[in-house]
1. Taking only pairs six or more apart or across chains, which ones have beta-carbon atoms under 6 Å, a first residue in region 25-49 that is of a type in the set (S, T, N, Q), and a second residue that is assigned to a helix (DSSP H, G or I) and surrounded by 16 or more Cβ atoms within 10 Å (Cβ to Cβ)?
2. Which of the residues that make up region 34-67 are within 16 Å of ligand 2 (Cβ to nearest atom), out of contact with any His (no Cβ under 7 Å at 6 or more places or on another chain), not in a loop (DSSP other than H, G, I, E, B) and not small (G, A, S)?
3. Let me confirm something: among Y57, Y33, which residue is in contact with an Asp or Glu (Cβ under 9 Å, 6 or more places away or on another chain) and surrounded by fewer than 15 Cβ atoms within 10 Å (Cβ to Cβ)?
4. Show the residue pairs meeting these rules: Cβ distance below 8 Å; 6+ apart or different chains; first residue within region 60-73 and more than 10 Å from T47 (Cβ to Cβ); second residue of a type in the set (S, T, Y) and outside any helix (DSSP H, G or I).
5. Among the listed residues K77, K11, which satisfies the condition of being out of contact with any Gly (no Cβ under 8 Å at 6 or more places or on another chain), without any contact (Cβ under 8 Å) to a residue 60 or more places away in the chain, more than 15 Å from ligand 1 (Cβ to nearest atom) and outside any strand (DSSP E or B)?
Amino acid sequence: MPSDIFYSEVKHRKWREAVLRRAGYLCEECKRYGRTDKNGLPVVATTAHHIKHRDEYPELQYDVNNGRALCAKCHNKQHPEKGGKYW
Ligand SMILES: [Zn+2]
Ligand SMILES: [Zn+2]
C-alpha cells in the first residue's frame with residue numbers, strides 16, 4: 001500500500017526531526033568527545049540513529065528516546081555491517 005509507506009515516511013521524518021532538535025542539531029557523539037569540525041565549530045548532526053535497532057525493537061522506532069543525533073561520520077561507525085547505508 002503506497003499510503004502506508006507514505007505514512008511511515010512521515011512518521012520517520014517527524015521522529016528524525018525531534019531527535020535532531022533535542023540535540024540542538026549537533027552530533028551527540030562528537031559533542032561527547034569534544035570534537036569539532038575543520039573550522040573549530042561543533043559538528044552538525046545530519047542523521048538520527050536508532051539506539052535499539054528497529055528490526056529487533058519495532059515498537060521503539062518512533063521513540064525519541066531511542067534516537068541519537070549523529071553526523072554522517074559517526075553514524076557510519078554505528079553501521080559497519082551496512083556500509084553506512086542505513087538509518
Ligand atoms: Zn559525529
Ligand atoms: Zn543508524
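What follows draws every value from the coordinates through simple rules; no lab data is involved. Fair warning: this is a prediction, and the values are worked out from it, not measured in the lab. FYI the Cβ positions are ideal-geometry reconstructions off the backbone, even for glycines, and counts take in every protein chain you see.
1. T47/H75
2. Residues satisfying the conditions are H50, P58, L60, V64, N65.
3. Y57
4. Once the first residue is more than 10 Å from T47 (Cβ to Cβ) and sits in region 60-73, its partners that are of a type in the set (S, T, Y) and outside any helix (DSSP H, G or I) give N66/Y57.
5. Exactly one of K77, K11 is out of contact with any Gly (no Cβ under 8 Å at 6 or more places or on another chain), without any contact (Cβ under 8 Å) to a residue 60 or more places away in the chain, more than 15 Å from ligand 1 (Cβ to nearest atom) and outside any strand (DSSP E or B), namely K11.
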